[in-house]
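Shown next, in structure tokens, is the structure this report addresses.
The values are calculated or read from the model by the stated rules, or taken from the named source; none is laboratory data. Computed from a predicted structure; not experimentally measured. Positions of Cβ are backbone-derived with ideal geometry, glycine not excepted, and every protein chain shown enters the neighbour counts.
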Amino acid sequence: MGRWVRAVIPLNLTQPAEEALRRIANLMALNARRDVEIRQVVLGCAASMEAYVDTSVENMIRSSGVLTTTPGPALVDELRPDFARTWNRRHYWFRVLTGDGFAGDPHGQSASVVVDLRNALAHGTGGLSPMQVAEGDGGFGLTQRFERQLSVELIGGVLSLQPRTARQATEIARAFLLRLDLSVAAAHVRFGTGLGL
């Protein structure tokens with residue numbers, strides 16, 4: 001498996017991207033077939049994307065020099081709980097630090113679908129979570145995105161996962177990480193720290 005993992009991780013990445021892509025490659029190698037394995041892959045993909053954004057935000061804050069100013073450490077400590085509060089807040093802080101948002105980007109939209117599926121699996125009772133059902137359309141749009149991008153159907157109120165769901169989730173996570181890392185690398189260059197984080 002080691003040679004295969006190296007083949008799916010390109011060069012010139014930040015360290016957090018390389019670590020996240022290794023986790024994704026390991027999830028790809030599971031060849032998930034059973035429901036519990038597919039759930040594990042979806043949860044792992046969402047966790048890897050979130051951890052990458054969280055770590056990148058923290059590294060860019062350090063690289064930006066804000067912590068060397070008098071109010072900087074206190075401001076960062078005050079705001080830190082907000083950095084990873086929700087997927088939308090992660091997007092906000094990523095955009096603030098890189099000047100590049102991912103919410104409207106196709107890779108970001110697909111990643112949001114994986115995160116939404118993770119939320120349904122973690123907080124629902126086999127189907128959508130109560131918060132997702134409370135959306136304006138009762139979760140209809142979300143279930144359409146699940147079906148279109150992750151081959152997940154809502155049948156009788158229960159999410160039906162397919163083996164291809166795991167493959168699609170890993171492909172989405174990988175593309176998302178590679179796309180975002182370009183922005184992170186550019187931000188580090190702007191801050192004068194290069195890729196070495």
- Can you find a residue in segment 133-145 that is under 26 Å from ASN26 (Cβ atoms), free of Cβ contacts under 8 Å to residues at least 40 places away in the same chain and not charged (D, E, K, R)? no
- Task: Evaluate the following for ARG118: is it of a type in the set (D, E, K, R), more than 22 Å from ARG190 (Cβ to Cβ) and either surrounded by 19 or more Cβ atoms within 10 Å (Cβ to Cβ) or in contact (Cβ under 8 Å) with a residue 12 or more places away in the chain (or both)?
- Result: yes
- Task: Inspect all residues belonging to segment 129-139 and state whether any of them is under 17 Å from the mean Cα position of the chain (by Cα) and closer than 22 Å to GLY44 by Cβ.
- Result: no
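So if I check each of VAL184, VAL152, which one is under 23 Å from ASN26 (Cβ atoms), modelled with pLDDT under 90 and in contact with a Ser or Thr (Cβ under 7 Å, 6 or more places away or on another chain)? Break it down stepwise before answering.
On the way: VAL152 fails: modelled with pLDDT under 90.
Criteria check complete, one pass: VAL184.
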- Query: Among MET49, MET60, which is at pLDDT below 95, hydrophobic (A, V, I, L, M, F, W, C), closer than 20 Å to VAL184 by Cα and buried (at least 21 other Cβ atoms within 10 Å of the Cβ)?
  - Reply: MET60
- Query: Do any helices (runs of 4 or more DSSP H) entirely within segment 51-169 hold 1 or more residues that are in contact with a helix residue (DSSP H, G or I) (Cβ under 9 Å, 6 or more places away or on another chain) and either within 28 Å of ASP35 (Cα to Cα) or of a type in the set (S, T, N, Q) (or both), and if so, which?
  - Reply: 87-98, 106-123, 130-133, 140-150
